[in-house]
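Engineer: Shown below is the structure under consideration.
The values are calculated or read from the model by the stated rules, or taken from the named source; none is laboratory data. All of these numbers come straight from a predicted model, not from anything done at the bench. Cβ sites come from the backbone with ideal geometry, for glycine too, and all protein chains shown count toward neighbours.
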Amino acid sequence: MTRSKDSSTSLRIAIQKSGRLTDKTVNLLHGIGIDFDNYKRNLMVKARDFDVELLLLRDDDIPEYVQDGICDLGFVGANERAEKDADVTVLRGLNYGKCRLSIAVPKDGNLNEAKDFDGKTIATSYPFLTQKYFKEQGVDVKVVEISGAVEITPQLGVADAISDLVSTGGTLKANGLKELFTILESETELVQTNMELSEGKKELIEKFLMRIDGYQQAGKSRYIMMNAPESAIETVKAIIPSMKSPTIVPLAETGMVAIHTVIPITKFWNVMEELKEAGASDIVMLPIESMIL
Ligand code: PRT
Ligand code: ZN
C-alpha cells in the first residue's frame, strides 16, 4: 500500500468520514481556513485555498494509511493509533474526542484487581492494547475480539469482563457494569507519516501547524476590553495575566482610559472581581478567531 514516490505536492490528510470525530475535525479545518465541499458524498475532496486534499476514511484505517504514507497527516483517536501500533509521529493532541479505554466488570461480581483476571475472558474491540495491558500485569487472560456492542457480552455469558471506550460511563452503567482500570487515556491526535516527505510538503505541514496552533491558542484566549480611571492603570496591569503589554487608549471623558488585552480564558472569572475593585468598569470579553504569537 506504500506510495512509492512522494511526487504529489498536495498535502494529503486523512479524516474520519462519518462518526464522532468528523464534525469537530471539519470545524477545525474550516476554522484554520481550509474550506471544502461535499465531503459527505466523496472519498476524496480538494480544499479551495490551501494545497490540501482530504481522504475520508473509517477511523480504524487512518493509522495505517498515514503509516504507509498514503496520507501525509491524519486526524485520529489515540486509541486507534495505539491499537494499530502505528509507526507515525504524533504532532499535536487536539483536546476533543476525549475518552479512555477501560476494563469493566459486572458490578456485583468478584473481579476487583488485575490478579483476579487470571484465566478470565475479556471481550473487546481493542485486543492488542488489552492483551498488552494484562501481559504487563503478568496476568494470563483470554481476549475475544468483538467489533460492536461489547458491553452486552458479560450478560450473554460470552465474556467475564470487557475492555471498551468510556466517556461519560453511561453505557457501562446501563449494562450493569463498573469501570475498574484505565488502560489508555485518549484524545484526537494529529499524526504525521514517518515516510520521507518532499521539502514542499514539509513547508506546507509547518504552515498547517502554525494555523492549528493559532486556532487552538485562540480557543483558549479571550480579548478583553474595559474602561478605567488613569490612576488605576498600574493596578489593572498588575491584575491582568496578559500575554503582551495591554493597549491603553484615552477616552473622551478626561482622566479615563480604555484598556484592551488578550488573556487566557481560564483566568477571566478570577480576575473579573479584582478588576472591578480596582475601578475598572464596562468589562467586555470577546472570542478570538485565530492568533499568531
Ligand atoms: O465508522 P468508523 O469506524 O469510522 O467509526 P467508529 O464507529 O469506529 O467510531 P466512532 O465514530 O464511534 O468513534 C470515533 C472515535 O471517537 C473513537 O475512536 C474515539 O477516539 C472517540 N470517542 C470518544 C469515542 C467515545 N468518546 C465513546 N464514548 N468512541 C466511542 N465511544 C463509545 C464507546 O465505545 C461506548 O460504546 O461510546 C460508548 C461509551 O460512551 P459513554 O459516554 O456511555 O461512556
Ligand atoms: Zn472505527
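Engineer: Can you list the strands (runs of 3 or more DSSP E) lying wholly within segment 136-196 that have 1 or more residues being touching a helix residue (DSSP H, G or I) at 6+ places or on another chain (Cβ under 9 Å) and within 13 Å of ligand 1 (Cβ to nearest atom)? Quick ask: steps written out before the conclusion?
Structural biologist: On the way: elements: 142-145, 161-166, 177-186, 188-193.
Hits in segment 136-196: 161-166, 177-186, 188-193.
Engineer: Take Val139 and decide whether it is assigned by TED's automatic domain parsing to the domain that holds Asn27 and either more than 26 Å from the chain's Cα centre (by Cα) or surrounded by fewer than 16 Cβ atoms within 10 Å (Cβ to Cβ) (or both). Give the steps one after another, and end with the answer.
Structural biologist: On the way: assigned by TED's automatic domain parsing to the domain that holds Asn27: no; either more than 26 Å from the chain's Cα centre (by Cα) or surrounded by fewer than 16 Cβ atoms within 10 Å (Cβ to Cβ) (or both): yes.
Criteria not met by Val139.
Engineer: Is at least one residue of segment 15-29 crowded, with 16+ Cβ neighbours inside 10 Å, without any contact (Cβ under 8 Å) to a residue 24 or more places away in the chain and within 16 Å of ligand 2 (Cβ to nearest atom)?
Structural biologist: Looking for residues that are crowded, with 16+ Cβ neighbours inside 10 Å, without any contact (Cβ under 8 Å) to a residue 24 or more places away in the chain and within 16 Å of ligand 2 (Cβ to nearest atom), one finds at least one in segment 15-29, hence yes.
Engineer: Pull out all pairs, ordered by first then second residue, where Cβ-Cβ is under 7 Å, the residues are six or more apart or on different chains, the first lies in segment 91-110 and is surrounded by 14 or more Cβ atoms within 10 Å (Cβ to Cβ), and the second is in a loop (DSSP other than H, G, I, E, B) and of a type in the set (A, V, I, L, M).
Structural biologist: Gly97/Leu21; Val105/Leu111
Engineer: Pairs please, first residue from segment 229-250 and touching a residue at least 40 places away in the same chain (Cβ under 8 Å), second anywhere and crowded, with 18+ Cβ neighbours inside 10 Å and assigned to a helix (DSSP H, G or I), Cβ atoms under 8 Å, 6+ apart in sequence or on different chains.
Structural biologist: Close Cβ pairs (under 8 Å, with a partner that is crowded, with 18+ Cβ neighbours inside 10 Å and assigned to a helix (DSSP H, G or I)) amount to Val236/Leu275.
Engineer: If you scan segment 114-136, which residues turn out to be over 26 Å from the mean Cα position of the chain (by Cα) and free of Cβ contacts under 8 Å to residues at least 24 places away in the same chain?
Structural biologist: If the condition is that a residue be over 26 Å from the mean Cα position of the chain (by Cα) and free of Cβ contacts under 8 Å to residues at least 24 places away in the same chain, then Asp116, Asp118, Gly119, Phe134, Lys135, Glu136 are the ones that fit.
Engineer: Next question. Here are the criteria: (1) surrounded by fewer than 21 Cβ atoms within 10 Å (Cβ to Cβ); (2) of a type outside the set (A, V, I, L, M); (3) under 15 Å from the mean Cα position of the chain (by Cα). Tell me which single one Phe75 does not satisfy.
Structural biologist: That leaves (1) as the condition not met.
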